Structure formats: structure tokens, C-alpha cells
Amino acid sequence: MITSIAFTVYPVSDIAKSRQFYEKVLGLKLDHNFQDRWIEYDIAGQTFAITTMMDNHKPGAKGADIGFEVDDLDQTLAHLKQLKTPVVVDPFATSVCRMAVIADPDGNTIIIHKRHK
């Protein structure tokens, strides 16, 4: 029986370059490092991982996305643009939130998300 989601993971081609992006650009804090090939970040009790260990998955392949909740969407995007982070989809609103889509060094897309209050 499934009790929770254990992790979400993205395959990456260069762990050092990807760590630079996720830690320095997005500000994630390292939680676990397995042989410099599987890196985990704890985000409010949920695990997001990057890895070079998934030979059957291609980095940057179009598929699932991860959505990161932020305090201020406009401020976050302004900061990411200063750091030359590619914006794939400009901000837009839904009945639930405002969001935009950025890309990591491999082209994996990340939704930057802010729920309406």
C-alpha cells in the first residue's frame, strides 16, 4: 500500500553543474549525497533529487515537471533572470495560482509557483 511520495528525481548530465544551479541559483540545501551521483534536497519534508544514475532516462527529456512554491513569484523570477536562468513560459495566472516555467542546465523544466491567498 502506498503511504507517501518518497521523492521526485530529475536525470542530469553533469552533477557538478546541476548542483551549482540547484544550490546557488535556486538556493536548495543539500540533504544527502550518494557517491556524487545521487543528490537529495529536502523541501518542506519532501525530497527532490538529481542524479546521473538513471541510464534509462535522458536528461532534459520532456515529461513530468516539478513545481516549487515560492514566497514572491515576481521577485523570484527577477532574481533568476539576473542569474541568466532560461524562462520557458512567462508568468500567467490560473484560478489557483500564478506560475512561470524555467529550465535547469539540461533543459529539465521547473514550475515556479505561487498559490493565491
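Only the coordinates and a few stated rules stand behind these numbers; no lab work does. Just so we're clear, the structure is a prediction, and the values are computed from it rather than from any experiment. Every residue, glycine among them, receives a Cβ derived from its backbone with ideal geometry; neighbour counts consider all protein chains shown.
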Checklist outcome for this item: Over its alpha-carbon atoms, the chain yields an Rg and a Dmax in Å of 14.3, 45
Checklist outcome for this item: Projecting the Cα atoms of Pro11, Ala64, His113 onto the charge dipole of the chain, where Lys and Arg contribute +1 and Asp and Glu -1 at Cβ, the residue farthest towards the positive end is His113
Checklist outcome for this item: For Ala61, placing the label point 7 angstrom along Cα-to-beta-carbon and taking the stretch 1-20, residues whose amide nitrogen sits under 14 Å are 9-13
Item to check | Amide hydrogen neighbours beyond the local backbone of Ile43, cut-off 5 Å, H modeled | outcome: Phe48
Next on the checklist: Whole-Hz ³J(HN,Hα) for each residue in the stretch 75-83, computed from phi via Karplus 6.51 cos²θ - 1.76 cosθ + 1.60 with θ = phi - 60°, x for glycine and proline: what do you get?
Outcome noted: 5, 4, 5, 4, 5, 5, 5, 4, 8
Checklist entry - Per-residue HN-Hα couplings for the stretch 32-44, Karplus 6.51 cos²θ - 1.76 cosθ + 1.60 at θ = phi - 60°, whole Hz, x for Gly and Pro? => result 8, 10, 9, 6, 6, 10, 9, 10, 10, 10, 8, 10, 6
Checklist entry - For the pair Ile5 and Lys81, how long in nm is the line joining their label points, each one 7 Å along Cα→Cβ? => result 2.8 nm
Checklist entry - Counting pairs on different chains as well as pairs 8 or more places apart, how many Lys pairs in the chain have Cα atoms under 28 Å apart? => result 25
Checklist entry - To the nearest 20 debye, what is the magnitude of the charge dipole of the stretch 1-105 about its Cα centre, counting +1 on the Cβ of each Lys and Arg and -1 on the Cβ of each Asp and Glu? => result 300 debye
